[in-house]
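So the structure is just underneath, and the comments pick up after that.
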Amino acid sequence: MWLHLVWRDPLGNVLREDGAYGLLDVLIDGAPATVASILDLEDPHLRIYEAHFGLTQEWAVQLLGLGYDPLLPLSYERTTGDVAFTLGELAEGPADSKHESFHFVLNNCILADNRIPPFGVTRTEAELRNILPIPEDQYGDPGDLESYDYFDLVDLQPPVGALTGEIELLYQTTSWEYVQFLYLANAGTGFLADTGDALLDAWLSTGMSAPEIMTTTSWMALPNDCNNNGIPDDQDITNGTSLDCNGDGLPDECDIALGQSSDQNANGVPDECERRRLDRFEGPIGPPTTVPALPGG
């Protein structure tokens, strides 16, 4: 379950999309294919609710002692299908290391779990059900007989220049990454040897577990607050928390984000302001960052 957010400027143009879901180019048995998934799992703005299970280094050593293959894959690269990490690599790692895996039968630890607790569940009950959030101080950090929060407060981070935001809470039953793991890890013989193939075929032919929209809402910027920091633009400029070098009444960062000013050297100063400063000096013109400050600003 995750949040999908689309931020738009006053003209309706998309400034940024968080938690975007769409088509991803991958390899299946070395052949090009297209699957549907969250496009950027490393997106710093992605808010996804899920549990991550894995194995400890100590347990990996014990499994090798029991005869497990050190080349047993623990994870695969999501686009190529190449083995990303093995049981042997974990066993040779630092004593306190852990690695995430979809080998649920072999997993012996929970790395993280930020799924929202059920309504009214106490810390004691959550521990009995083995559904404690990890870290445990999420969602209110209650005492033993006190209830966890059954909701999440999300601090939205709209980009500069955003006027509106479209917000969806999406739920997917089975992800590409999970199906890929079961397909690649189940390439054995004997009973259930073809189950990975069957699961992948079923997933691909039935819509790839398209996410369901659980609920929606919207966001709108405060009037005259183009950088969405909760302070009116004129106060930002007066207080000096934002600059307005071209005197148009908008913070410089908004001029740049909205395309009203260029900033080719990406230093946060509109180019027209730097050209104006350069025009007041004689001699060779160096990079804008080397131009001395003018008296009075």
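The values are calculated or read from the model by the stated rules, or taken from the named source; none is laboratory data. Computed from a prediction, not measured in an experiment: that's the story for all the values here. All Cβ positions, glycine included, derive from the backbone under ideal geometry; neighbour counts span all protein chains shown.
Conditions tested, residue by residue: (1) touching a Phe, Trp or Tyr at 6+ places or on another chain (Cβ under 7 Å); (2) under 30 Å from residue 251 (Cβ atoms); (3) touching a residue at least 24 places away in the same chain (Cβ under 8 Å); (4) assigned by TED's automatic domain parsing to the domain that holds residue 19.
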{"position": "103", "(1), (2), (3), (4)": "no, no, yes, yes"}
{"position": "126", "(1), (2), (3), (4)": "yes, no, no, yes"}
{"position": "134", "(1), (2), (3), (4)": "no, no, yes, yes"}
{"position": "139", "(1), (2), (3), (4)": "yes, no, no, yes"}
{"position": "144", "(1), (2), (3), (4)": "no, no, no, yes"}
{"position": "150", "(1), (2), (3), (4)": "yes, no, yes, yes"}
{"position": "154", "(1), (2), (3), (4)": "no, yes, yes, yes"}
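When only residues in the range 140-179 that are assigned to a strand (DSSP E or B) and β-branched (Val, Ile, Thr) count, which is nearest to residue 206 (Cα to Cα)?
Step one: filter the range 140-179 for residues assigned to a strand (DSSP E or B), giving 147, 164-171.
Now restrict to residues that are β-branched (Val, Ile, Thr): 164, 167.
Details: 164: 34, 167: 26 Å.
Once the filter is applied, the top-ranked residue is 167.
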Candidate set from the range 270-292 (those that are under 40 Å from the mean Cα position of the chain (by Cα), over 28 Å from residue 12 (Cβ atoms) and part of a loop (DSSP other than H, G, I, E, B)); member that is modelled with the lowest pLDDT
291
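Give me a count of the residues in the range 74-87 that are farther than 23 Å from residue 34 by Cβ and surrounded by fewer than 18 Cβ atoms within 10 Å (Cβ to Cβ).
We begin by selecting, within the range 74-87, every residue farther than 23 Å from residue 34 by Cβ; these are 74, 85-87.
Narrowing further to those that are surrounded by fewer than 18 Cβ atoms within 10 Å (Cβ to Cβ): 85.
The total comes to 1.
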The one condition residue 196 fails out of (1) touching a Phe, Trp or Tyr at 6+ places or on another chain (Cβ under 6 Å); (2) at pLDDT 95 or above is (2)
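Pick out, from the range 1-78, the strands (runs of 3 or more DSSP E) lying fully within it that include 3 or more residues that are closer than 30 Å to residue 221 by Cβ.
Ranges flagged: 2-8, 14-18.
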